[in-house]
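FYI, it's all coordinate maths here, none of it is from the lab. Quantities reported herein were computed from a predicted structural model and do not represent experimental measurements. Note that we place each Cβ from the backbone using ideal geometry, even for glycine, and neighbour counts take in every protein chain shown.
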Amino acid sequence: MIATTGTLRYSPEIRPGSTTRRDGGSTRWWLIVDADPELGRYLRYLYTIAERRIRTLQAPLWGPHVSVIRGEEPAAQDAWGALDGTTIEFHYDPVARETDGYVWCPVDCDAMLDLRERLGLAREPSPALHLTIGNARY
């Protein structure tokens, strides 16, 4: 696993001023970790090379990111957003995997799991922590 850092972002906006998704859902109770855009570009490039340049990826809407909380309303809401903008270190496996057209790399980060627990959520999210680098669903 390789170490890198990212920035915590609570209730990420889809468009400026809006957390409403196209399907009518909301990103109100989402917590993501923004990763370096250059890391995303590099990992998408590696994916393209591994696919013999036959398949390319579209960048994710929020850029490369780790979804720590995906729509789970926390029990400890008073702590929500307290660490917004904080830098966090995590480790990722650079070998990309694909699920239903979404391409991701496994992530290991006790600090992210600790944060879930502090908010009153199950320690392990489902799906497990991963760095979303792109999608092939275009």
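Checking [x] 22.9, 73; [y] 14.9, 49; [z] 14.3, 43 against Rg and Dmax of the Cα atoms in Å calculated from these atoms, the matching label is [y]. A Förster distance of 25 Å, applied to the separation of the beta-carbon atoms of Leu61 and Asp108, puts the FRET efficiency at 0.55.
Between Arg97, Arg15, Arg44, the residue with the greatest mean-square fluctuation in the GNM of the chain (Cα pairs under 10 Å linked by springs) is Arg15. Our helix-only sum for the chain, with -39,500 (n - 2.57) per DSSP H run of n ≥ 4 divided by its residues, gives a mean residue ellipticity at 222 nm of -5000 deg cm²/dmol. Report, to the nearest 10°, how far helix 37-50 tilts away from the longest principal axis of the Cα atoms in the chain, using its own Cα long axis and a range of 0 to 90°. In the chain, helix 37-50 runs at an angle near 40 degrees to the longest axis. Spin-label pair Leu46-Arg97: with each label point 7 Å from Cα along the Cα-Cβ axis, the two points sit 1.5 nm from one another.
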